[in-house]
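Have a look at the structure below, then the notes.
The values are calculated or read from the model by the stated rules, or taken from the named source; none is laboratory data. The model shown is predicted, which means the values in this text are computed figures rather than measured ones. Note that we place each Cβ from the backbone using ideal geometry, even for glycine, and neighbour counts take in every protein chain shown.
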Ligand code: SF4
Ligand code: SF4
């Protein structure tokens with residue numbers, strides 16, 4: 001049986017890493033760990049493509065195509081011809097937005 | 001866009017709030033979880049004083065959704081601090097960070113118009129970790145001089161964090177526990193209540209009480225049972241989990257239709273059973289797939305993959321169920337005429 005969640009768009013170039021630890025701090029899925037002064041991907045399949053690591057990496061060592069992992073928002077975007085699926089805004093699906101996080 | 005000085009907050013203007021969650025707040029949180037007036041739960045963006053903060057007190061940043069604000073306020077009980085509320089259009093931190101309304105631009109702007117640097121002596125902001133998808137800490141630092149520290153994900157760990165200023169790996173990991181899933185059920189239910197009632201009424205007249213009941217069960221399975229049992233259904237994808245659950249709940253109805261009413265013809269009973277076995281499990285699966293949006297555990301790539309793989313299967317099964325139903329109706333009418 002296929003598992004839809006084993007592949008994702010996360011890539012990391014260790015040559016640019018300065019070992020600032022930001023990626024392992026912000027990642028909510030413990031995808032990164034720090035080893036020998038630089039970051040290492042230890043849990044690639046857990047990545048949820050939230051984009052936190054890429055945005056907070058000061059040297060641009062990380063790339064990930066981030067976006068909402070929400071089927072409703074994606075289908076809604078496809079049906080209404082919007083380019084980028086988003087949720088929670090006015091006239092948009094509310095999805096996760098009911099939790100208090 | 002440099003704001004005029006006369007719009008800046010002075011220390012004496014800072015509204016004071018308490019850690020206390022009143023019964024009225026609790027009631028408000030309760031109805032919020034039922035999806036009532038969800039766009040109206042906005043706190044005015046700006047700086048607030050929690051307790052009696054001084055120039056050395058920590059500054060905690062949050063979204064202007066009342067539930068985020070209240071969670072922060074009560075979780076920091078016992079600490080005097082400032083709360084900086086960003087204008088996220090009434091949306092929680094995680095969703096707003098994804099849209100970048102909880103983002104670098106808004107944070108920098110808010111630091112400027114609240115004149116934060118004149119109010120506190122230190123240059124540190126504490127942000128919720130789930131806000132990191134929208135905020136680039138190094139950019140905030142270079143533009144405002146304030147360093148961003150990411151606090152724990154869950155409000156209940158905030159006490160510990162404020163004491164030690166360090167989050168354990170456990171605190172940094174997003175979880176989706178039973179309680180987290182439980183509080184999402186009312187909104188799911190409210191969303192699909194009307195379609196469920198309409199479907200049940202229509203099906204009652206088309207197929208009788210058992211079919212109507214089966215439709216209610218299929219929808220409740222997708223909206224109520226699915227979030228509860230999510231981690232225990234033994235497949236990796238939401239759609240297949242939904243299919244499995246749908247089949248399990250619909251099977252008794254299909255079997256009952258097959259065995260009940262022995263006075264009707266076998267093909268009629270078999271047809272009806274086949275129709276609901278085809279049409280209803282994909283409904284549960286579809287609702288299950290939609291639940292991906294309520295979880296903090298699915299990636300965009302994964303959900304895209306699920307949509308491409310399983311939506312066609314759902315559509316074919318559901319369509320197959322409809323075709324069988326139409327054939328049955330036609331045969332019944334013909335049978336009545338002949
Ligand atoms: S995109 Fe999010 S989940 Fe994936 S590695 Fe980066 S921070 Fe972790
Ligand atoms: S954030 Fe970037 S530079 Fe810092 S440790 Fe991670 S990969 Fe290396």
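For segment A:74-88, does any single residue satisfy the condition of being facing another protein chain (nearest Cβ under 7 Å), within 12 Å of ligand 1 (Cβ to nearest atom) and either at pLDDT below 90 or within 19 Å of residue B:291 (Cβ to Cβ) (or both)? Checking segment A:74-88: not a single residue is facing another protein chain (nearest Cβ under 7 Å), within 12 Å of ligand 1 (Cβ to nearest atom) and either at pLDDT below 90 or within 19 Å of residue B:291 (Cβ to Cβ) (or both). Regarding segment A:4-18, can at least one residue be identified that is away from chain B (no Cβ under 11 Å), surrounded by 15 or more Cβ atoms within 10 Å (Cβ to Cβ) and within 11 Å of ligand 2 (Cβ to nearest atom)? For segment A:4-18, residues away from chain B (no Cβ under 11 Å), surrounded by 15 or more Cβ atoms within 10 Å (Cβ to Cβ) and within 11 Å of ligand 2 (Cβ to nearest atom): present. Residue check: is residue B:261 outside any helix (DSSP H, G or I) and modelled with pLDDT under 90? Considered against the rule, which asks whether it is outside any helix (DSSP H, G or I) and modelled with pLDDT under 90, residue B:261 comes out as yes. If only residues of segment B:92-111 that are free of Cβ contacts under 8 Å to residues at least 40 places away in the same chain and touching a strand residue (DSSP E or B) at 6+ places or on another chain (Cβ under 6 Å) are counted, the one that is surrounded by the fewest Cβ atoms within 10 Å (Cβ to Cβ) is B:106. Of the numbered criteria (1) away from ligand 2 (no atom under 11 Å from the Cβ); (2) surrounded by 15 or more Cβ atoms within 10 Å (Cβ to Cβ), the one residue A:36 fails is (2). Only one of the numbered conditions (1) in contact with a helix residue (DSSP H, G or I) (Cβ under 8 Å, 6 or more places away or on another chain); (2) modelled with pLDDT under 90; (3) more than 8 Å from every other protein chain (Cβ to nearest Cβ) is violated by residue A:62, and that is (2).
Need the failing condition index for residue A:24 against (1) within 14 Å of ligand 1 (Cβ to nearest atom); (2) closer than 20 Å to residue B:302 by Cβ; (3) more than 7 Å from chain B (Cβ to nearest Cβ), just the number. Unmet condition: (2). Entry remark, segment A:1-25: residues being at positive phi and touching a residue at least 24 places away in the same chain (Cβ under 8 Å) number 0 in total. Restricting segment B:130-147 to residues that are in contact (Cβ under 8 Å) with a residue 24 or more places away in the chain, touching a strand residue (DSSP E or B) at 6+ places or on another chain (Cβ under 7 Å) and within 14 Å of ligand 2 (Cβ to nearest atom) leaves a set whose member that is farthest from residue A:22 (Cα to Cα) is B:135. Would segment A:46-62 turn up any residue that is surrounded by fewer than 19 Cβ atoms within 10 Å (Cβ to Cβ), free of Cβ contacts under 8 Å to residues at least 24 places away in the same chain, away from ligand 2 (no atom under 11 Å from the Cβ) and in a loop (DSSP other than H, G, I, E, B)? No: segment A:46-62 contains no residue that is surrounded by fewer than 19 Cβ atoms within 10 Å (Cβ to Cβ), free of Cβ contacts under 8 Å to residues at least 24 places away in the same chain, away from ligand 2 (no atom under 11 Å from the Cβ) and in a loop (DSSP other than H, G, I, E, B). Does residue B:36 satisfy being over 30 Å from residue B:116 (Cα atoms), part of a helix (DSSP H, G or I) and within 14 Å of chain A (Cβ to nearest Cβ)? Taking the combined requirement at face value, the residue does not satisfy it. Condition check: modelled with pLDDT of 90 or more and either more than 14 Å from chain A (Cβ to nearest Cβ) or not in a loop (DSSP other than H, G, I, E, B) (or both). Does residue B:55 satisfy that? So residue B:55 fits the description; yes.
Can you name the residue in segment A:45-59 that is touching a helix residue (DSSP H, G or I) at 6+ places or on another chain (Cβ under 8 Å) and more than 6 Å from ligand 1 (Cβ to nearest atom) and is also farthest from residue B:94 (Cα to Cα) among such residues? Looking at residues that are touching a helix residue (DSSP H, G or I) at 6+ places or on another chain (Cβ under 8 Å) and more than 6 Å from ligand 1 (Cβ to nearest atom), I get A:59. In segment B:284-302, the residue that is nearest to the chain's Cα centre (by Cα) out of those that are part of a helix (DSSP H, G or I) and facing chain A (nearest Cβ under 7 Å) is B:294.
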